[in-house]
1. For a quick check of understanding: with a 1.4 angstrom probe and all protein chains in place, what accessible area in square angstrom does Thr58 have, to the nearest ten?
2. At 7 Å along the Cα-to-beta-carbon direction for both Val135 and Leu70, put a label point, then send me their distance in nm to one decimal.
3. Could you give the accessible area per residue of the chain, probe 1.4 Å, as a whole number in Å²?
4. Computed over the Cα atoms, what is the radius of gyration of the chain divided by 2.2 N^0.38 Å, N being its residue count?
5. Ignoring any ligand, DNA or RNA, what whole percent of the accessible area of the chain comes from carbon and sulfur when the probe is 1.4 angstrom?
6. Between Asp179, Asp162, Asp190, which gets the highest mean-square fluctuation from a Gaussian network model of the chain, Cα cutoff 10 Å?
7. Ignoring ligands, DNA and RNA, how do Met14, Met150, Met140 rank by accessible area with a 1.4 Å probe, largest first?
8. Would the stretch 1-69 count as rounded, prolate or oblate if I go by the C-alpha gyration tensor, calling it rounded below 1.5 in a/c and otherwise prolate when a/b exceeds b/c, oblate otherwise?
Amino acid sequence: MTVNDVDREHEAPMITVTVVYHSVHGHTRILAEHLADGARLVPGARVHLAEIRAEDVTAGRWHDAEVLALLERSDAIVFGCPTLMGSVSAVFKAFMEAAFTPFTTQAWKDKLAGGFTMSASQSGDKLAVLEQLAVFGAQMGMQWIGVGDMPGNNWSGGSRDDVNRLGSWLGLMSQSHADQGPEHAGSRGDRITARRYGERIAGLTQRWVNAVPYDTSRMTEHEARALSASLRETDGAPAALTGA
Ligand SMILES: Cc1cc2nc3c(=O)[nH]c(=O)nc-3n(C[C@H](O)[C@H](O)[C@H](O)COP(=O)(O)O)c2cc1C
């Protein structure tokens, strides 16, 4: 095993995970931050947030050499943007098209990938965005990781606080009310799901890159409902993010 860098505190080999996202009004950014926080729970994970900004798009072309360099040295890339008109946001699409250069050299081949999106409606056609992101990852030769959590809010006792409350597996879906600012972005369940997804991606990246043993976190439907109920009962952070 070749390890260039070691996290001395945890004695774990290093991996680099980058969450690359676009957000017009800040709701998707909150999701990106929670995802990054989850990824940081994995020993050895160096986690970056890279924002795709509208001002870096000129005549329909996005360019930011620093972000492209960061992505090239990342082991996993998580893509996120709001759902706008049932599609990835225009700014994020400009970024995707700019990935034509690493596409031609297969620079991102066999990096791990995941995706997330935010919208105002419960469905809002978010699946179309996750499909676009997953196809993009496939074109780049990447290995896609889904959410892997049981669905929530699909029974009489369910609520917005449930883990995976929108029942999405291809990638992470979150919903924010159209009349509320980013400080209310998503639900507590969405934020926990984002953290769990980030932790899952980073953990699997450690296994993929450094052959670090990975314990699959299995949360049964019963355990998921108990976690969601504890979210409703407490104001503080739940003790168990992993369900372990
Ligand atoms: C031009 C536009 C198109 C939108 N299209 C959709 C849509 O197709 N489905 C949906 O549920 N919400 C839609 N929304 C709502 C946004 O997805 C929602 O406000 C989201 O939280 C914005 O995220 P942001 O703050 O990260 O930009 C749209 C909003 C705008 C401004």
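1. Its accessible surface works out to 100 Å², give or take rounding.
2. Placing both labels 7 Å along Cα→Cβ, they lie 2.8 nm apart.
3. Spelled out: the 1.4 Å probe surface of the chain, per residue, equals 48 Å².
4. Scaled against compact globular proteins, the figure is 0.98.
5. Answer for the chain is 52 percent, counting heavy atoms of protein chains only.
6. With Cα springs under 10 Å in the chain, the top fluctuation among Asp179, Asp162, Asp190 is at Asp179.
7. Most to least solvent-accessible, the answer reads Met150, Met14, Met140.
8. oblate
The values are calculated or read from the model by the stated rules, or taken from the named source; none is laboratory data. No experiment lies behind these values; they were computed from the predicted model shown. Glycine gets a Cβ as well: all are built from the backbone with ideal geometry, and neighbour counts include every protein chain shown. Side chains included, ligands, DNA and RNA excluded: accessible areas come from the protein's heavy atoms. Shrake-Rupley method; radii C 1.70, N 1.55, O 1.52, S 1.80 Å.
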